[in-house]
1. For the range 103-117, take each phi angle, set θ = phi - 60°, evaluate the Karplus expression 6.51 cos²θ - 1.76 cosθ + 1.60, and give the result in whole Hz per residue in order, putting x for glycine and proline.
2. Quick one: accessible area per residue over the range 137-217, 1.4 Å probe, rounded to a whole number of Å²?
3. Near the amide H of I230, under 5 Å away, which other amide H atoms are found, from residues 5 or more places off or on another chain, if H is placed in the peptide plane?
4. Quick one, what does Rg over Rh come out to for the range 161-230 if you take C-alpha atoms and the Kirkwood Rh?
5. Amide H neighbours of T366 under 5 Å, at least 5 residues apart or on other chains, H built in the peptide plane: list them.
6. Short version: ³J(HN,Hα) in whole Hz for each residue of the range 168-179, in order, from phi by Karplus 6.51 cos²θ - 1.76 cosθ + 1.60 (θ = phi - 60°), x for Gly and Pro, what are they?
7. How large a share of the accessible area of the range 323-377, in percent, is made up of carbon and sulfur atoms when the probe is 1.4 Å and the other protein chains stay in place?
8. For the range 328-403, report the accessible area per residue in Å² (1.4 Å probe, heavy atoms, rounded to an integer).
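The values are calculated or read from the model by the stated rules, or taken from the named source; none is laboratory data. Keep in mind that this is a model prediction, so the values were computed, not measured. Ideal geometry is used to build each Cβ from the backbone, glycine not excepted, and the neighbour counts take in all protein chains shown. Just the protein is used for accessible areas: all its heavy atoms, side chains included, with ligands, DNA and RNA removed. Shrake-Rupley method; radii C 1.70, N 1.55, O 1.52, S 1.80 Å.
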Amino acid sequence: MKIREEKGITLVALIITIIVLVILAAVTINAAFNSGIIDTAVNGAVNYADAQKKEQITFDDLDKNIQDIVNKIEDYNIGGNNPEPTELKPNAPVYEGTGLIPVYHNGTNWVDLTENSTEDEWNSWYSYDTTNKKWANARTLDGSMWVWIPRYEYKIDSTARTIDVRFIQGTSTEATAGYTLHPAFLDGTANGFSNGEWDKDIAGFWVAKYPAGWQNGQGTSLGSVDMSNIAYQTSAKSGTYAGTITNGTTKMSYPVFKANNYAYNFISVGDAYTLAQDIKNASRYGLSNVDSHLQKNSEWGAVAYLAYSKYGMNGAEVTKSNTSKNNNPIGIYAVTSPESVTNTSTTQKITGVYDMSGCVLQYTATFLKGGITTYTTGMPTGSSSKYVTIYEGTWDTCNKIGDAVKEISTSGSGTTSWNGDRSDFVYSSNPVFIRGGYYYAGSAAGLFAFSNSGSGAYSNKGFRAVLIP
(Lines give C-alpha, C1' and ligand atoms only; values in the text may rest on other atoms or scores of the structure.)
Protein backbone atom coordinates (compact mmCIF):
# COMPACT_ATOMS: atom_id res chain seq x y z
CA MET A 1 0.00 0.00 0.00
CA LYS A 2 2.80 2.39 0.78
CA ILE A 3 4.36 1.78 -2.65
CA ARG A 4 1.00 2.42 -4.34
CA GLU A 5 0.62 5.67 -2.47
CA GLU A 6 4.08 6.85 -3.49
CA LYS A 7 3.34 6.11 -7.14
CA GLY A 8 0.03 7.98 -6.87
CA ILE A 9 1.73 11.05 -5.46
CA THR A 10 4.37 10.97 -8.21
CA LEU A 11 1.69 10.83 -10.89
CA VAL A 12 -0.25 13.79 -9.47
CA ALA A 13 2.96 15.79 -9.22
CA LEU A 14 3.76 15.00 -12.85
CA ILE A 15 0.33 16.10 -14.04
CA ILE A 16 0.51 19.33 -12.02
CA THR A 17 3.95 20.00 -13.52
CA ILE A 18 2.53 19.61 -17.01
CA ILE A 19 -0.28 22.08 -16.23
CA VAL A 20 2.13 24.63 -14.73
CA LEU A 21 4.31 24.40 -17.84
CA VAL A 22 1.23 24.98 -20.00
CA ILE A 23 0.29 28.07 -18.00
CA LEU A 24 3.82 29.49 -18.26
CA ALA A 25 3.80 28.90 -21.99
CA ALA A 26 0.43 30.65 -22.29
CA VAL A 27 1.64 33.72 -20.38
CA THR A 28 4.81 34.14 -22.39
CA ILE A 29 3.56 33.08 -25.82
CA ASN A 30 0.13 34.50 -26.64
CA ALA A 31 -0.04 32.50 -29.84
CA ALA A 32 -0.06 29.32 -27.82
CA PHE A 33 -3.77 29.65 -27.22
CA ASN A 34 -4.57 30.08 -30.87
CA SER A 35 -2.46 27.06 -31.85
CA GLY A 36 -4.28 24.69 -29.44
CA ILE A 37 -1.34 23.96 -27.18
CA ILE A 38 -3.56 23.98 -24.09
CA ASP A 39 -5.79 21.27 -25.48
CA THR A 40 -2.80 19.22 -26.59
CA ALA A 41 -1.04 19.43 -23.24
CA VAL A 42 -4.10 18.73 -21.15
CA ASN A 43 -5.11 15.80 -23.38
CA GLY A 44 -1.62 14.42 -23.04
CA ALA A 45 -1.78 14.63 -19.29
CA VAL A 46 -5.16 12.93 -19.19
CA ASN A 47 -4.07 10.18 -21.60
CA TYR A 48 -1.02 9.46 -19.48
CA ALA A 49 -3.14 9.23 -16.36
CA ASP A 50 -5.63 6.97 -18.11
CA ALA A 51 -2.81 4.57 -18.93
CA GLN A 52 -2.10 4.30 -15.20
CA LYS A 53 -5.54 3.18 -14.08
CA LYS A 54 -4.08 1.11 -11.34
CA GLU A 55 -3.15 4.33 -9.56
CA GLN A 56 -6.73 4.82 -8.27
CA ILE A 57 -6.93 8.54 -9.08
CA THR A 58 -10.32 10.14 -9.54
CA PHE A 59 -10.01 11.60 -13.00
CA ASP A 60 -13.30 13.44 -12.71
CA ASP A 61 -11.80 15.52 -9.90
CA LEU A 62 -8.58 16.01 -11.87
CA ASP A 63 -10.49 17.19 -14.94
CA LYS A 64 -12.41 19.63 -12.78
CA ASN A 65 -9.18 21.04 -11.35
CA ILE A 66 -7.68 21.43 -14.80
CA GLN A 67 -10.80 23.20 -16.06
CA ASP A 68 -10.76 25.49 -13.05
CA ILE A 69 -7.20 26.52 -13.91
CA VAL A 70 -8.09 27.06 -17.57
CA ASN A 71 -11.08 29.17 -16.52
CA LYS A 72 -8.78 31.24 -14.33
CA ILE A 73 -6.51 31.80 -17.33
CA GLU A 74 -9.48 32.97 -19.41
CA ASP A 75 -10.67 35.26 -16.60
CA TYR A 76 -7.32 37.02 -16.73
CA ASN A 77 -7.56 37.16 -20.53
CA ILE A 78 -4.13 35.60 -21.02
CA GLY A 79 -3.34 35.54 -24.71
CA GLY A 80 -6.42 37.57 -25.58
CA ASN A 81 -8.75 34.56 -25.37
CA ASN A 82 -11.58 36.29 -23.56
CA PRO A 83 -14.03 37.86 -26.05
CA GLU A 84 -15.68 40.04 -23.38
CA PRO A 85 -13.06 42.22 -21.62
CA THR A 86 -13.48 42.68 -17.89
CA GLU A 87 -15.08 46.04 -17.05
CA LEU A 88 -12.68 48.31 -15.20
CA LYS A 89 -13.54 50.88 -12.58
CA PRO A 90 -13.00 54.53 -13.51
CA ASN A 91 -10.11 56.53 -12.14
CA ALA A 92 -10.96 58.19 -8.84
CA PRO A 93 -11.51 61.95 -9.18
CA VAL A 94 -8.34 63.96 -8.59
CA TYR A 95 -9.08 66.74 -6.11
CA GLU A 96 -6.52 66.71 -3.29
CA GLY A 97 -4.36 69.82 -3.34
CA THR A 98 -6.46 71.48 -6.05
CA GLY A 99 -8.89 73.52 -3.95
CA LEU A 100 -11.82 71.58 -5.43
CA ILE A 101 -14.33 70.48 -2.79
CA PRO A 102 -16.00 67.08 -3.39
CA VAL A 103 -19.78 67.21 -2.98
CA TYR A 104 -22.57 64.65 -3.06
CA HIS A 105 -26.32 65.15 -3.31
CA ASN A 106 -28.37 63.80 -0.40
CA GLY A 107 -31.66 64.04 -2.27
CA THR A 108 -32.27 67.60 -1.12
CA ASN A 109 -29.00 69.50 -1.01
CA TRP A 110 -25.38 69.32 -2.06
CA VAL A 111 -23.19 68.31 0.88
CA ASP A 112 -19.44 68.99 1.16
CA LEU A 113 -17.20 65.99 1.76
CA THR A 114 -14.44 66.59 4.29
CA GLU A 115 -12.03 64.59 6.42
CA ASN A 116 -14.80 64.43 9.02
CA SER A 117 -17.35 62.93 6.62
CA THR A 118 -18.43 59.34 7.27
CA GLU A 119 -17.52 56.40 5.07
CA ASP A 120 -21.16 56.19 3.94
CA GLU A 121 -21.03 59.84 2.87
CA TRP A 122 -17.84 59.29 0.87
CA ASN A 123 -19.42 56.22 -0.70
CA SER A 124 -22.29 58.47 -1.81
CA TRP A 125 -19.97 60.67 -3.86
CA TYR A 126 -19.97 58.80 -7.17
CA SER A 127 -20.75 55.49 -8.84
CA TYR A 128 -19.95 55.26 -12.56
CA ASP A 129 -22.06 52.21 -13.25
CA THR A 130 -24.99 51.51 -15.55
CA THR A 131 -27.55 51.68 -12.74
CA ASN A 132 -26.60 54.63 -10.56
CA LYS A 133 -24.94 56.71 -13.29
CA LYS A 134 -23.71 58.98 -10.55
CA TRP A 135 -20.84 61.07 -11.92
CA ALA A 136 -18.52 62.75 -9.41
CA ASN A 137 -19.21 66.41 -8.67
CA ALA A 138 -17.09 69.06 -6.96
CA ARG A 139 -17.38 72.76 -6.34
CA THR A 140 -14.95 75.63 -6.31
CA LEU A 141 -14.89 78.24 -3.55
CA ASP A 142 -17.36 80.47 -5.40
CA GLY A 143 -19.95 77.68 -5.65
CA SER A 144 -19.31 76.86 -9.32
CA MET A 145 -19.91 73.19 -10.08
CA TRP A 146 -17.65 70.74 -11.92
CA VAL A 147 -18.04 67.14 -13.08
CA TRP A 148 -15.27 64.51 -13.34
CA ILE A 149 -14.78 62.82 -16.72
CA PRO A 150 -12.52 59.77 -16.19
CA ARG A 151 -10.06 58.39 -18.74
CA TYR A 152 -11.59 55.86 -21.13
CA GLU A 153 -11.43 54.12 -24.48
CA TYR A 154 -14.35 53.90 -26.89
CA LYS A 155 -15.73 51.99 -29.86
CA ILE A 156 -18.26 53.47 -32.28
CA ASP A 157 -20.70 51.39 -34.30
CA SER A 158 -21.81 53.80 -37.02
CA THR A 159 -24.42 51.39 -38.38
CA ALA A 160 -26.16 50.74 -35.05
CA ARG A 161 -25.24 54.25 -33.88
CA THR A 162 -23.92 53.13 -30.53
CA ILE A 163 -20.87 54.14 -28.51
CA ASP A 164 -19.25 51.62 -26.19
CA VAL A 165 -17.04 53.07 -23.46
CA ARG A 166 -14.52 51.20 -21.31
CA PHE A 167 -12.78 52.98 -18.45
CA ILE A 168 -8.99 52.93 -18.28
CA GLN A 169 -7.30 52.64 -14.90
CA GLY A 170 -4.32 54.86 -14.25
CA THR A 171 -2.78 56.38 -17.36
CA SER A 172 -2.28 53.20 -19.36
CA THR A 173 -1.86 53.73 -23.09
CA GLU A 174 -2.77 50.13 -23.97
CA ALA A 175 -6.09 50.00 -25.81
CA THR A 176 -8.33 46.96 -26.04
CA ALA A 177 -8.53 45.46 -29.53
CA GLY A 178 -11.15 47.36 -31.53
CA TYR A 179 -11.20 50.33 -29.13
CA THR A 180 -9.65 53.80 -29.36
CA LEU A 181 -8.15 55.65 -26.42
CA HIS A 182 -9.91 58.98 -26.27
CA PRO A 183 -7.40 61.68 -27.23
CA ALA A 184 -8.59 64.21 -24.63
CA PHE A 185 -6.77 62.13 -21.99
CA LEU A 186 -3.57 61.48 -23.94
CA ASP A 187 -0.16 63.08 -24.24
CA GLY A 188 -0.13 64.70 -27.68
CA THR A 189 3.31 66.29 -27.66
CA ALA A 190 4.65 63.76 -30.15
CA ASN A 191 1.96 64.37 -32.79
CA GLY A 192 1.53 68.12 -32.42
CA PHE A 193 -1.72 67.85 -30.42
CA SER A 194 -3.52 67.10 -33.67
CA ASN A 195 -6.58 65.53 -32.01
CA GLY A 196 -6.89 67.89 -29.07
CA GLU A 197 -4.64 66.02 -26.64
CA TRP A 198 -2.99 67.38 -23.49
CA ASP A 199 0.76 67.64 -22.79
CA LYS A 200 0.77 64.51 -20.61
CA ASP A 201 -1.35 61.45 -19.99
CA ILE A 202 -4.09 62.34 -17.51
CA ALA A 203 -6.45 60.30 -15.32
CA GLY A 204 -9.37 62.55 -16.28
CA PHE A 205 -10.54 66.16 -16.26
CA TRP A 206 -13.16 68.35 -14.61
CA VAL A 207 -15.69 69.97 -16.94
CA ALA A 208 -17.96 72.84 -15.92
CA LYS A 209 -21.35 71.42 -15.02
CA TYR A 210 -23.10 74.34 -16.76
CA PRO A 211 -22.19 76.89 -19.43
CA ALA A 212 -20.57 80.03 -18.05
CA GLY A 213 -22.96 82.38 -16.28
CA TRP A 214 -23.02 85.93 -14.94
CA GLN A 215 -22.08 86.23 -11.27
CA ASN A 216 -25.24 87.79 -9.90
CA GLY A 217 -27.49 84.97 -11.02
CA GLN A 218 -30.71 86.65 -12.12
CA GLY A 219 -30.35 90.29 -11.17
CA THR A 220 -31.60 93.20 -13.23
CA SER A 221 -28.07 94.27 -14.16
CA LEU A 222 -24.50 93.11 -13.74
CA GLY A 223 -24.04 95.37 -10.74
CA SER A 224 -21.09 95.15 -8.36
CA VAL A 225 -19.30 91.87 -8.97
CA ASP A 226 -15.81 90.41 -8.90
CA MET A 227 -14.04 91.72 -11.98
CA SER A 228 -10.93 90.33 -13.64
CA ASN A 229 -8.02 92.51 -14.64
CA ILE A 230 -8.47 91.44 -18.25
CA ALA A 231 -9.98 93.88 -20.71
CA TYR A 232 -12.19 92.81 -23.60
CA GLN A 233 -10.19 92.83 -26.84
CA THR A 234 -12.67 91.83 -29.54
CA SER A 235 -16.15 92.06 -28.04
CA ALA A 236 -17.22 95.70 -28.42
CA LYS A 237 -21.00 95.91 -27.99
CA SER A 238 -23.63 98.20 -26.55
CA GLY A 239 -26.84 97.18 -24.86
CA THR A 240 -25.42 94.11 -23.12
CA TYR A 241 -26.01 92.84 -19.59
CA ALA A 242 -22.46 94.01 -18.84
CA GLY A 243 -23.28 97.47 -20.18
CA THR A 244 -21.43 98.97 -23.11
CA ILE A 245 -18.32 96.93 -23.87
CA THR A 246 -15.35 98.92 -25.13
CA ASN A 247 -12.37 96.97 -26.42
CA GLY A 248 -9.15 97.57 -24.52
CA THR A 249 -10.97 99.35 -21.67
CA THR A 250 -13.93 97.42 -20.25
CA LYS A 251 -12.86 94.64 -17.87
CA MET A 252 -14.44 91.19 -18.03
CA SER A 253 -16.24 89.86 -14.96
CA TYR A 254 -15.31 86.37 -13.84
CA PRO A 255 -17.85 83.70 -14.83
CA VAL A 256 -19.69 81.27 -12.58
CA PHE A 257 -20.89 77.79 -13.54
CA LYS A 258 -24.17 77.34 -11.71
CA ALA A 259 -27.75 76.20 -12.16
CA ASN A 260 -30.62 78.53 -13.04
CA ASN A 261 -28.28 81.40 -13.89
CA TYR A 262 -28.14 83.96 -16.69
CA ALA A 263 -25.79 82.52 -19.32
CA TYR A 264 -22.64 84.56 -20.02
CA ASN A 265 -22.81 85.98 -23.55
CA PHE A 266 -21.61 88.81 -25.81
CA ILE A 267 -18.07 87.49 -25.63
CA SER A 268 -15.86 86.60 -28.61
CA VAL A 269 -13.96 83.33 -28.80
CA GLY A 270 -10.66 85.15 -28.21
CA ASP A 271 -11.92 86.84 -25.05
CA ALA A 272 -13.54 83.62 -23.80
CA TYR A 273 -10.22 81.84 -24.40
CA THR A 274 -8.29 84.43 -22.37
CA LEU A 275 -10.84 84.64 -19.55
CA ALA A 276 -11.12 80.86 -19.13
CA GLN A 277 -7.36 80.57 -18.71
CA ASP A 278 -7.44 83.15 -15.91
CA ILE A 279 -9.89 81.12 -13.80
CA LYS A 280 -7.01 79.20 -12.21
CA ASN A 281 -5.42 82.45 -11.02
CA ALA A 282 -8.47 84.15 -9.50
CA SER A 283 -8.76 83.93 -5.71
CA ARG A 284 -12.57 83.69 -5.90
CA TYR A 285 -12.29 80.08 -7.12
CA GLY A 286 -9.72 78.96 -4.53
CA LEU A 287 -7.84 76.77 -7.03
CA SER A 288 -4.25 75.56 -6.98
CA ASN A 289 -2.22 73.01 -8.93
CA VAL A 290 -4.77 72.94 -11.75
CA ASP A 291 -4.98 74.29 -15.28
CA SER A 292 -8.08 76.09 -16.55
CA HIS A 293 -8.94 76.71 -20.18
CA LEU A 294 -11.70 77.10 -22.75
CA GLN A 295 -13.18 73.70 -23.55
CA LYS A 296 -11.73 72.13 -26.69
CA ASN A 297 -13.64 70.14 -29.30
CA SER A 298 -11.95 66.96 -28.05
CA GLU A 299 -13.16 67.60 -24.50
CA TRP A 300 -16.69 68.27 -25.73
CA GLY A 301 -16.47 64.94 -27.57
CA ALA A 302 -15.20 63.14 -24.46
CA VAL A 303 -18.21 64.30 -22.45
CA ALA A 304 -20.64 63.59 -25.30
CA TYR A 305 -19.38 60.03 -25.90
CA LEU A 306 -19.57 59.17 -22.20
CA ALA A 307 -23.06 60.68 -22.08
CA TYR A 308 -24.23 58.59 -25.03
CA SER A 309 -22.77 55.36 -23.62
CA LYS A 310 -24.41 52.96 -21.15
CA TYR A 311 -22.92 55.07 -18.35
CA GLY A 312 -25.05 58.01 -19.44
CA MET A 313 -28.22 58.00 -21.53
CA ASN A 314 -27.46 54.69 -23.27
CA GLY A 315 -28.17 55.88 -26.80
CA ALA A 316 -30.85 58.46 -26.03
CA GLU A 317 -30.60 62.14 -26.93
CA VAL A 318 -30.26 64.72 -24.18
CA THR A 319 -33.28 67.02 -23.86
CA LYS A 320 -32.75 70.54 -25.12
CA SER A 321 -32.48 73.27 -22.49
CA ASN A 322 -35.02 75.91 -23.52
CA THR A 323 -35.19 78.29 -20.55
CA SER A 324 -34.88 81.62 -22.33
CA LYS A 325 -34.97 85.30 -21.56
CA ASN A 326 -34.39 86.70 -25.05
CA ASN A 327 -33.22 90.19 -24.10
CA ASN A 328 -35.09 90.53 -20.81
CA PRO A 329 -33.32 91.97 -18.92
CA ILE A 330 -31.40 93.73 -21.63
CA GLY A 331 -28.75 91.60 -23.30
CA ILE A 332 -29.74 88.29 -21.64
CA TYR A 333 -30.51 85.47 -24.04
CA ALA A 334 -30.87 82.26 -22.00
CA VAL A 335 -30.72 80.75 -18.52
CA THR A 336 -28.83 77.62 -17.47
CA SER A 337 -31.03 74.71 -16.42
CA PRO A 338 -32.46 74.45 -12.91
CA GLU A 339 -31.09 71.41 -11.07
CA SER A 340 -34.54 69.88 -10.93
CA VAL A 341 -34.78 69.72 -14.74
CA THR A 342 -32.62 66.60 -14.93
CA ASN A 343 -33.66 65.64 -18.45
CA THR A 344 -31.19 68.26 -19.72
CA SER A 345 -28.40 66.37 -17.91
CA THR A 346 -26.06 63.87 -19.58
CA THR A 347 -27.24 61.15 -17.16
CA GLN A 348 -30.85 62.30 -16.72
CA LYS A 349 -29.81 62.67 -13.08
CA ILE A 350 -28.69 65.62 -10.98
CA THR A 351 -25.04 64.53 -11.04
CA GLY A 352 -24.62 64.82 -14.82
CA VAL A 353 -23.38 67.66 -17.04
CA TYR A 354 -26.18 70.07 -17.99
CA ASP A 355 -27.04 72.11 -21.08
CA MET A 356 -25.04 70.34 -23.77
CA SER A 357 -28.08 70.92 -25.95
CA GLY A 358 -29.81 74.29 -26.01
CA CYS A 359 -29.26 77.24 -23.67
CA VAL A 360 -26.51 79.16 -25.55
CA LEU A 361 -24.20 78.00 -28.32
CA GLN A 362 -20.80 77.26 -26.81
CA TYR A 363 -17.50 78.31 -28.34
CA THR A 364 -14.69 75.77 -28.31
CA ALA A 365 -10.96 76.40 -28.56
CA THR A 366 -10.77 75.44 -32.24
CA PHE A 367 -9.83 77.21 -35.44
CA LEU A 368 -9.70 76.46 -39.15
CA LYS A 369 -6.21 77.07 -40.49
CA GLY A 370 -6.19 80.11 -42.74
CA GLY A 371 -9.54 81.38 -41.48
CA ILE A 372 -10.40 84.97 -40.59
CA THR A 373 -8.76 85.93 -37.29
CA THR A 374 -10.71 89.12 -36.55
CA TYR A 375 -12.13 87.91 -33.21
CA THR A 376 -9.42 85.52 -32.08
CA THR A 377 -7.07 87.98 -30.34
CA GLY A 378 -5.44 86.10 -27.48
CA MET A 379 -6.09 82.66 -29.00
CA PRO A 380 -3.20 81.20 -31.06
CA THR A 381 -4.34 80.22 -34.55
CA GLY A 382 -1.09 79.12 -36.20
CA SER A 383 -0.71 75.59 -34.87
CA SER A 384 -2.32 73.21 -32.43
CA SER A 385 -1.30 73.17 -28.78
CA LYS A 386 -2.74 71.65 -25.62
CA TYR A 387 -5.06 74.69 -25.46
CA VAL A 388 -6.32 75.00 -29.03
CA THR A 389 -6.90 72.58 -31.90
CA ILE A 390 -6.27 73.66 -35.48
CA TYR A 391 -8.39 72.05 -38.22
CA GLU A 392 -7.50 71.90 -41.90
CA GLY A 393 -9.46 71.29 -45.07
CA THR A 394 -13.13 70.30 -45.14
CA TRP A 395 -15.37 67.73 -43.50
CA ASP A 396 -14.49 65.31 -46.31
CA THR A 397 -10.76 65.56 -45.65
CA CYS A 398 -10.92 65.93 -41.86
CA ASN A 399 -9.37 62.94 -40.08
CA LYS A 400 -9.67 63.95 -36.44
CA ILE A 401 -11.07 61.58 -33.85
CA GLY A 402 -12.76 61.93 -30.48
CA ASP A 403 -14.37 65.32 -31.21
CA ALA A 404 -17.90 64.12 -32.06
CA VAL A 405 -17.66 65.66 -35.53
CA LYS A 406 -16.89 63.35 -38.45
CA GLU A 407 -17.21 60.18 -36.38
CA ILE A 408 -20.84 61.13 -35.62
CA SER A 409 -22.03 62.76 -38.87
CA THR A 410 -22.62 61.66 -42.44
CA SER A 411 -21.77 64.99 -44.07
CA GLY A 412 -20.44 68.41 -43.21
CA SER A 413 -23.68 70.32 -43.68
CA GLY A 414 -27.33 70.05 -42.68
CA THR A 415 -28.89 67.98 -39.92
CA THR A 416 -26.69 64.98 -40.61
CA SER A 417 -25.21 64.22 -37.22
CA TRP A 418 -26.81 61.43 -35.20
CA ASN A 419 -30.38 62.14 -34.04
CA GLY A 420 -30.69 64.89 -36.65
CA ASP A 421 -28.29 67.18 -34.79
CA ARG A 422 -26.78 70.10 -36.68
CA SER A 423 -23.69 69.37 -38.77
CA ASP A 424 -22.05 72.46 -40.27
CA PHE A 425 -18.28 72.26 -40.71
CA VAL A 426 -16.05 75.32 -40.33
CA TYR A 427 -14.89 77.35 -43.32
CA SER A 428 -12.64 80.38 -43.85
CA SER A 429 -15.06 83.16 -42.88
CA ASN A 430 -16.60 81.07 -40.08
CA PRO A 431 -13.51 79.30 -38.72
CA VAL A 432 -14.52 78.41 -35.14
CA PHE A 433 -16.69 75.52 -33.91
CA ILE A 434 -19.71 76.20 -31.71
CA ARG A 435 -21.37 73.25 -30.01
CA GLY A 436 -24.71 72.05 -28.69
CA GLY A 437 -27.11 74.40 -30.43
CA TYR A 438 -29.09 77.14 -28.68
CA TYR A 439 -32.54 77.07 -27.06
CA TYR A 440 -34.31 78.27 -30.23
CA ALA A 441 -32.55 75.81 -32.56
CA GLY A 442 -35.26 73.15 -32.51
CA SER A 443 -34.37 69.50 -33.02
CA ALA A 444 -31.07 70.45 -34.69
CA ALA A 445 -29.60 71.17 -31.25
CA GLY A 446 -28.09 68.23 -29.40
CA LEU A 447 -25.07 66.49 -27.91
CA PHE A 448 -23.52 66.02 -31.33
CA ALA A 449 -24.53 69.34 -32.87
CA PHE A 450 -21.68 71.39 -34.32
CA SER A 451 -21.80 74.59 -36.31
CA ASN A 452 -19.38 77.19 -37.62
CA SER A 453 -19.09 80.75 -36.45
CA GLY A 454 -17.32 83.97 -37.26
CA SER A 455 -16.26 83.92 -33.57
CA GLY A 456 -17.55 87.37 -32.64
CA ALA A 457 -19.58 88.53 -29.63
CA TYR A 458 -23.28 87.63 -29.94
CA SER A 459 -26.24 87.32 -27.60
CA ASN A 460 -26.72 83.59 -28.22
CA LYS A 461 -23.09 82.48 -27.82
CA GLY A 462 -21.25 81.60 -24.62
CA PHE A 463 -18.63 79.11 -23.44
CA ARG A 464 -17.69 76.41 -20.96
CA ALA A 465 -14.41 75.82 -19.10
CA VAL A 466 -12.35 72.76 -18.20
CA LEU A 467 -9.98 72.13 -15.26
CA ILE A 468 -7.10 69.66 -15.46
CA PRO A 469 -5.43 68.70 -12.16
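1. 9, 10, 9, 8, x, 10, 9, 7, 10, 5, 9, 10, 5, 8, 5
2. On the way: 2660 Å² over 81 residues.
Value returned for the range 137-217: 33 Å² of accessible area per residue.
3. Correct list: M252.
4. Working: Rg = 19.0 Å, Rh = 15.9 Å.
Using only Cα positions, Rg/Rh for the range 161-230 is 1.19.
5. Amide H neighbours of T366, under 5 Å, 5+ apart: T389, F433.
6. 10, 7, x, 10, 4, 10, 8, 9, 5, 3, x, 10
7. Values: 860 of 1810 Å².
For the range 323-377, the apolar C and S fraction of the accessible surface comes to 47 percent.
8. Working: 2610 Å² over 76 residues.
Per-residue value: 34 Å².
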